[in-house]
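First comes the structure, then the notes that go with it.
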2 protein chains.
Amino acid sequence: MTRTRKTAEERQQQIVQAVLDLLPTTPVESLSTTVIARQVGLTQAAIFRHYPTKNAIWAAVLNEIRKRARGSWDEALAGATTPLDRIRAVLAAQLTLITEFPAIPTLLFTSGRVEAEKDIRPVHLAVMRDLRVLLVAELGAVRAEGQVSQPASDQDCADLLMGLIQGTVLRWTLTGHGFDLVAEGRRLIDIQLSLFAKGNLR
Amino acid sequence: MTRTRKTAEERQQQIVQAVLDLLPTTPVESLSTTVIARQVGLTQAAIFRHYPTKNAIWAAVLNEIRKRARGSWDEALAGATTPLDRIRAVLAAQLTLITEFPAIPTLLFTSGRVEAEKDIRPVHLAVMRDLRVLLVAELGAVRAEGQVSQPASDQDCADLLMGLIQGTVLRWTLTGHGFDLVAEGRRLIDIQLSLFAKGNLR
DNA sequence: GCCTTTAGTTAGTGATAACTCACTAACATA
DNA sequence: TATGTTAGTGAGTTATCACTAACTAAAGGC
């Protein structure tokens, strides 16, 4: 038994990672502290040394997800030049993130435990709002560029794109990941963007 | 105590109705057989005389929802004349149904218990498939009418519309029913349909 | 080498979940 | 009025949940 004790901080990260690893295969309500503990390699009680309540774990997990989402968006934004390309890149990044962490839609589509609602829902809303703000900004840039102006407001266009993403992810989740989310998403995004573009050519 | 015993069939319907009534205000995982029994006015044990397992209750509830969805679609289809109007009507009907039974997205967005998945998910998929088939058919009719032909395939257009609906419903759910779902949905649907229409005018 | 700090364990708590079983009483019918 | 059927009851069962208290032992400064 070469059991080495780890620092509390390390364990906290480990616990969050364990939840992220388990979520794609474990229904949220079956993801008990016992299951988490087994994944980390600790006893169930040890979990409560690092997080005071289970809700605290959910909050930590959601914040980690939010952090990763922001990171991947920033990366996508930096890698593209035109506003339209940035829209494509950010949405593709979001879909890629979701394929890497199917935990995200699982949590998103789960109304969740009664008490967890208070902790989880605000983070969801924040992530969605962040993405929407980003889209509206880029759509505004597209419009400002002048060449292509959408027939609908930037907000409406953003909502249509958000719906497209969410709907596709929902379909992907319900079909048990039955298709390539990123490819299908990219395809539909291109169609939608081309519809925006064509809209003003009349 | 003029306690009259009811038939098993009556009770079964009553139990399903009780779940539908409770769902908007009760988190899915708090909706125990005890709560259901209290709503119906029976003991908890009596529930199991009418449904062998709790999953059986969920299955019955989902099938009832599916039945009602079909019913409201049919009504919408019958009340509209042109294919485009039928699309608008069916989607609005679906949104109206959801405002009447917020239980639907609650169930849809909840991954649910492990075992319930087997019973619940297929019904979800069936409902979504039904709606999509309907949309594809009407979009085909729009195209066949000749005047307006979409720049994308009927299937893709249907997916865009489905995403629009699902995304809007998700937003509505997460914001705690913070806006008028039907009105907002109609607005976005009209925009999307006009995008389809304009697409071929170039 | 001792001593403080703290990660981790063992062994519980009470609450609540779905489900069972022996029994009772309302009902239909003969 | 007697009898078989079945809706409904009350008192359980087992399992699992989040969480806690008392204790143990590893780590690290002195």
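No value in this document is a laboratory result; all are computed from the given coordinates. As the structure is a prediction and not an experimental result, all values here were calculated from the model. Every residue, glycine among them, receives a Cβ derived from its backbone with ideal geometry; neighbour counts consider all protein chains shown.
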Q) Could you give, in nm with one decimal, how far residue B:10 is from each other copy of that position, shortest first, with labels 7 Å out from Cα toward Cβ? A) 6.7
Q.
Using a 10 Å cut-off around each Cβ of peptide B:154-160, what is the average number of partner chain Cβ atoms that fall inside?
A. 3
Q. Expressed as a whole percent, how much of the Cα-Cα distance distribution for the protein assembly as shown exceeds 33 Å?
A. 39
Q) Looking at chain A, do any whole DSSP H helices span at least 15 angstrom along their long axis by alpha carbon and average -0.5 or above on Kyte-Doolittle, and which? A) A:8-22, A:54-79, A:83-100, A:116-145, A:154-174, A:181-198
Q: Give me the distance between the Cα centres of region B:163-179 and region A:81-98, rounded to whole Å.
A: 22
Q.
I need the calculated FRET efficiency for the pair residue A:5 and residue A:30, taking r as the beta carbon distance and R₀ as 25 Å, to the nearest 0.05.
A. 0.30
(Q) How many angstrom lie between the Cα centre of region B:39-62 and the Cα centre of region A:1-76? (A) 36
Q: Would you work out the relative contact order for chain A, in percent, from Cα pairs under 8 angstrom that are 6 or more residues apart?
A: 20
Q.
Measuring nothing but label to label, 7 Å from Cα along Cα→Cβ, what are residue B:183's distances to the other copies in nm, shortest first?
A. 4.3
Q) Shortest first, in nm, what separates the label point of residue A:68 from those of the same position in the other copies (7 Å along Cα→Cβ)? A) 3.7
Q) With a 10 Å Cβ neighbour count serving as the proxy for reagent exposure, in which order, fewest first, do A:101, A:196 appear? A) A:101, A:196
Q.
Student exercise: in chain A, how many lysine pairs 8 or more apart or on different chains have Cα atoms under 22 Å apart?
A. 4
Q: Could you list A:33, A:7 in order of exposure, starting from the residue whose Cβ has the fewest other Cβ atoms within 10 Å?
A: A:7, A:33
Q: Could you work out, residue by residue across B:19-30, how many beta carbons of other chains sit within 10 Å of that residue's beta carbon, and then give the average as an integer?
A: 2
Q: Quantify how strongly other chains surround peptide B:60-69 by giving the mean number of their Cβ atoms within 10 Å of each of its Cβ atoms.
A: 0
